[in-house]
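Nothing in this text is a laboratory measurement; each read-out follows from the coordinates by a stated rule. As the structure is a computational prediction, the values presented were derived from the model and not from experiment. Neighbour counts run over all protein chains shown; Cβ positions are idealised from the backbone, glycine included.
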Amino acid sequence: MTDRERFEELFERCYDALMAYAVRRTSSAEDAADVVSDTFTAAWRRIHKLPPGDEARLWLYGTARRTIRTHRRGSLRRHALDERLLTHARILHARAQVTPSDGGADGLVRAMRALSEADQEVLRLVAWEDLEGPQVAQVLGISAPAARVRLHRAGRRLRSRLEADERVPGPDHGQDPGPGPRTPSLFARATNQEDS
């Protein structure tokens, strides 16, 4: 009997029993199918070393048992990582929602919110993620020249919004409000990228 024939015979004889074993010990049909698949993969790799007769079925059970333990450990690690990532994301999201208290930053927040989502994203990639033009292009899946144009136009629209806000009279209409809000340094790069 060839290795292939032996494997096929083992598969036909033990598949149902091994699947039942896995189903009773895992939390989903998908997990059970993964366990059985991994177990038979291991059997194929070691087909010439498997014990004869019914001992091969017991070997499959032992391998499935170890595979289930490995899957559970991996699942626990993934769950713990998911929890850490979720906690981190919540912290970052909460920080991003804080409205700056100074007038210039407040004006910038208003001006940014008035832009399209596409304009906001290209400016954020430069200002928040500290990316350069070619990197922005890669993230957006566009050419570097297209990214430069998009960044230039978004920066121009942001400056226009900020200048428009400066021209709107404040509550004390007759008084000189002094210099208008300055773009915080965080966004200075974003609005000046076209010059670089």
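Structure notes:
- Other residues whose C-beta falls under 12 angstrom from the C-beta of I68 contribute a net charge of +4, scoring Lys and Arg +1 and Asp and Glu -1.
- Report note on the peptides 13-19, 72-78: ranked by the mean count of other C-beta atoms within 10 Å, highest first, their order is 13-19, 72-78.
- The L140 and A89 beta-carbon pair, evaluated with R₀ = 25 Å, returns a calculated FRET efficiency of approximately 0.70.
- Peptides 113-121, 125-133 ranked from most to least packed by the mean count of surrounding Cβ atoms within 10 Å: 125-133, 113-121.
- Our coupling estimate for region 106-115, obtained by passing each phi through the Karplus curve with A = 6.51, B = -1.76, C = 1.60 and θ = phi - 60°, is 4, x, 5, 4, 4, 5, 4, 5, 7, 7 Hz, Gly and Pro reported as x.
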